Amino acid sequence: MVTSIERIAYPRFKRLISAHEVYLLFAPTRDEAAWAAECTDSDSHQLALLLALKSYQRLGRFPRAEEYADSVVDFTRRAVELGEEAELPALAEKASKNHRSLVRRLLQARYAPDQARKVAETAIRETAAVKNRPVDLINIALEKVVETGLEIPEFSTLDRTAARIRAEVNGSILDRLHERMGTFGRDRMTELLERRLPDHHRAKPLFSRLRYVS
């Protein structure tokens, strides 16, 4: 089951963003505008690079093109006096990768995806022993990654990691309970629980099914 991003502290743009907020977040400096113009060979790519730069400064990650509101694209285009024909392009992977590299180099950003995933995984594993909600696990992971100054992983990466580790930790807890109960305790538990179930649920011992529910 995919965790709803709306309940997570994952950095993202608000659905409704005011003109004042757009100005504060996306107004490029003269140096930034000159840098973007020097690094690109078209107005559209200059626009895309500036959006990537300003987004990373705010979010600590690179948004997908569909995350930008039209008002943000329009403001950035006008801020550096690009023509109306300059539209946010659907960048090829090579061009997108180049833009990310340029921004990281300019900001001296720490890009170490394996290390970021390891930090997130360690935080989730430590937290999963006392908290079970995916929302809590992902938020703790985000906090730890931000503390390191590393680029934030994709939300889907954090969500999959939280789901996997949560299942592992819960399975380990249930396995320990299963062993501690002993044969008599397991048989007694199965007997008590099966009394509450319709006949079609009694095909196999109930406790053996419960052991692997995450």
Item to complete: Order HIS20, HIS45, most accessible first, counting only protein heavy atoms with a 1.4 angstrom probe.
Response: HIS20, HIS45
Response to the item:
Share of accessible surface on carbon and sulfur in the chain, whole %, 1.4 Å probe and ligands ignored, is 51
Practice prompt. Please give the per residue volume of the convex hull enclosing the alpha carbon atoms of the range 58-165, rounded to a whole number of Å³.
Written response: 125
Item to complete: Mind telling me which of GLU87, GLU143, GLU179 comes out most flexible in a GNM of the chain, alpha-carbon contacts under 10 Å?
Response: GLU179
Worksheet, complete the sentence: In terms of the alpha carbon gyration tensor, root eigenvalues a ≥ b ≥ c, rounded if a/c is under 1.5 and otherwise prolate when a/b exceeds b/c or oblate, the range 1-89 is prolate
Discussion item. Once ligands and nucleic acids are excluded and a 1.4 Å probe is used, how much of ASP70 is accessible, expressed in Å² to the nearest 10?
Written reply: 120
Worksheet item: Each label point is 7 Å from the Cα along the Cα-to-Cβ direction; what then is the distance between the points at ALA34 and GLN115, in nm?
Response: 3.2
Discussion item. I'd like the distance separating the alpha-carbon centroids of the range 84-146 and the range 32-55, in whole Å.
Written reply: 21
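Express the accessible area of the chain per residue in Å², computed with a 1.4 Å probe while the remaining protein chains stay in the model.
About 63 Å² of surface per residue is accessible.
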Practice prompt. On a 0 to 90° scale, report how tilted helix 113-128 is relative to the longest principal axis of the chain, with both axes built from alpha carbons and the result rounded to the nearest 10.
Written response: 40
Discussion item. Rounding to the nearest 10 and keeping the result within 0 to 90°, find how far the Cα-based axis of helix 93-107 lies from the longest principal axis of the chain.
Written reply: 80
Worksheet item: Build a GNM of the chain with springs between Cα atoms under 10 Å: which of LEU24, LEU88, LEU47 gets the top mean-square fluctuation?
Response: LEU24
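Let's test the formula: R0 of 30 Å, r as the Cβ-Cβ distance of GLU147 and ASN170. What FRET efficiency results, to the nearest 0.05?
On the way: r = 27 Å, r/R0 = 0.89.
Given R0 = 30 Å and the Cβ-Cβ separation, E is 0.65.
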Response to the item:
Other residues with Cβ under 11 Å from the Cβ of ALA69 give, with Lys and Arg +1 and Asp and Glu -1, a net charge of -3
Fill in: Efficiency of FRET from Cβ geometry, ARG188 and ALA129, R₀ 22 Å, rounded to 0.05
0.20
Worksheet, complete the sentence: Here the Cα Rg-to-2.2 N^0.38 Å ratio for the chain is 1.45
Discussion item. Please compute the contact order of the chain in relative form: average sequence separation of alpha-carbon pairs under 8 Å and at least six residues apart, divided by the residue count, as a percent.
Written reply: 19
Worksheet item: Taking LYS144 as the anchor, which lysines have their alpha carbon closer than 18 Å to its alpha carbon, excluding any fewer than eight residues away along the same chain?
Response: LYS118, LYS131
Worksheet item: Which residue, THR190, THR122, THR161, tops the fluctuation ranking in a GNM of the chain built on C-alpha contacts under 10 Å?
Response: THR190
Worksheet item: How do ARG61, ARG117, ARG166, ARG105 rank by accessible surface area computed with a 1.4 Å probe, from largest to smallest?
Response: ARG105, ARG117, ARG166, ARG61
Response to the item:
Magnitude of the Cβ-charge dipole (Lys and Arg +1, Asp and Glu -1) of the range 1-93 about the Cα centre, nearest 20 debye, reported as 660
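The values are calculated or read from the model by the stated rules, or taken from the named source; none is laboratory data. Because the structure is a prediction, the values reported are computed rather than measured. As a convention, Cβ positions derive from the backbone with ideal geometry for all residues, glycine included, and neighbour counts pool all protein chains shown. Side chains included, ligands, DNA and RNA excluded: accessible areas come from the protein's heavy atoms. Shrake-Rupley method; radii C 1.70, N 1.55, O 1.52, S 1.80 Å.
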